[in-house]
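The values are calculated or read from the model by the stated rules, or taken from the named source; none is laboratory data. Keep in mind the model is a prediction, meaning the values are calculated, not measured. Methodologically, a virtual Cβ is constructed for each residue, glycine included, from the backbone with ideal geometry; neighbour enumeration extends over all protein chains shown. The accessibility values were calculated without ligands, DNA or RNA, using every heavy atom of the protein model including side chains. Shrake-Rupley method; radii C 1.70, N 1.55, O 1.52, S 1.80 Å.
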Amino acid sequence: KRRLQHRAEERFRQLSADLRPGDLALDLGANVGEVTAVLSATGAEVHAYEPEPETFTILKRRFADTPHVIPHNAAVSNRSGAAELVLPASFANRPRSASKAASIAHDVYRGPDAQTRTVPVLDIREILAGLPRPPRLIKMDIEGAELDVLEAIRRDNLLEPGMAVFVETHERIDPAALPQVRALQSWARTDAAGYVNLNWG
């Protein structure tokens, strides 16, 4: 996994460097915008999605003077509505980083010291349909919800030639997800219209 992750990160650097003004990119699970900064440095229009309100405030402030970065205070899944976002107990002491582990998809971090937020959720299909053109690159690190998003993309044939998707999967946190991850890896290798890498991050 670590060797594959290294290769995925190198491929991400290559493809993100090819972005140009006029291209679209999505950062799903943007946190405070480290990847958003890389993508936006190319001049591409970047839509950055971060559900946790305090983290989103940092993200929005960071790119306040970057008009081609559009921040969205929402989680992304295969449905629209609202969900409970579970934050690890460490969020109280490390809000700039602990929200990286926040999830609407699993309860691993739920406990007596955990925090929760009710957050808006956007359907990936509606996001893609609302864009003026397909994104050239999607980065996805959404703590378990990536499987629902990928299944929606696969079932509805939303991946187009020329699109690249980099995904961090979380089967190490939720081992029950491993069969689904393996099935999606097979799809990515053999049937996906664009480029899908499930070893990023």
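When the chain is treated as a Gaussian network with alpha carbon springs shorter than 10 Å, the biggest mean-square fluctuation among ALA114, ALA145, ALA183 belongs to ALA183. Give the shape of the range 159-201 as rounded, prolate or oblate, defined through the alpha-carbon gyration tensor: a ≥ b ≥ c are the square roots of its eigenvalues, a/c under 1.5 means rounded, and otherwise the shape is prolate if a/b is larger than b/c and oblate if not. Since a/c reaches 1.5 but b/c is at least a/b, the shape of the range 159-201 is classed as oblate. The relative contact order of the chain, computed from alpha carbon pairs under 8 Å that lie at least 6 residues apart in sequence, is 21 percent.
What is the sum of charges, Lys and Arg at +1 and Asp and Glu at -1, for the other residues whose Cβ falls under 9 Å from the Cβ of SER77? Taking every other residue near SER77 into account, the sum is -1. Taken about its Cα centre, the range 117-201 carries a charge dipole of about 220 debye when Lys and Arg each add +1 at the Cβ and Asp and Glu each add -1 at the Cβ. Simple spin-label estimate for GLU9 and ARG61 gives 2.8 nm between the two label positions (7 Å along the Cα-to-Cβ direction from each Cα). A 1.4 Å probe over all protein chains sorts ARG20, ARG117, ARG62 by accessible area into ARG20, ARG62, ARG117, starting with the largest. Each of THR36, GLY22, ALA8 was scored by the projection of its Cα onto the charge dipole of the range 1-47, and the greatest displacement toward the positive side belongs to ALA8; charges sit on the C-beta of Lys, Arg, Asp and Glu.
Here's the picture: charge each Lys and Arg Cβ at +1 and each Asp and Glu Cβ at -1 in the range 68-201, and of VAL69, LEU87, GLN185 the one pushed furthest to the positive end of that dipole is VAL69.
These residues, TYR195, TYR49, go from largest to smallest accessible area, 1.4 Å probe, as TYR195, TYR49. Put a plus charge on the Cβ of each Lys and Arg, a minus charge on the Cβ of each Asp and Glu, and nothing anywhere else: the dipole of the chain about its Cα centre is then about 480 debye.
Ranking ARG7, ARG154 from most to least accessible surface, computed with a 1.4 Å probe over the protein chains only, gives ARG7, ARG154. Restricting attention to the chain, close to 30% of DSSP beta bridges with both partner residues there are antiparallel. Values of log10 I(q)/I(0) for the chain across q = 0.13 Å⁻¹ run -0.67, by the Debye formula with one identical scatterer at each alpha carbon and no solvent.
Hydrophobic long helices, here whole DSSP H runs in the chain with Kyte-Doolittle means of at least -0.5 and Cα atoms spread over 27 Å or more along the helix axis, are not found. For the range 1-87, rounded, prolate or oblate, judged on the Cα gyration tensor with a ≥ b ≥ c (square roots of eigenvalues), a/c < 1.5 rounded, else prolate if a/b > b/c? Because a/c hits 1.5 or more and a/b fails to exceed b/c, the range 1-87 counts as oblate. Of the residues VAL167, GLY144, VAL196, the one whose Cα sits farthest towards the positive end of the charge dipole of the range 128-199 is VAL196 (charges of +1 on Lys and Arg Cβ, -1 on Asp and Glu Cβ, taken about the Cα centre).
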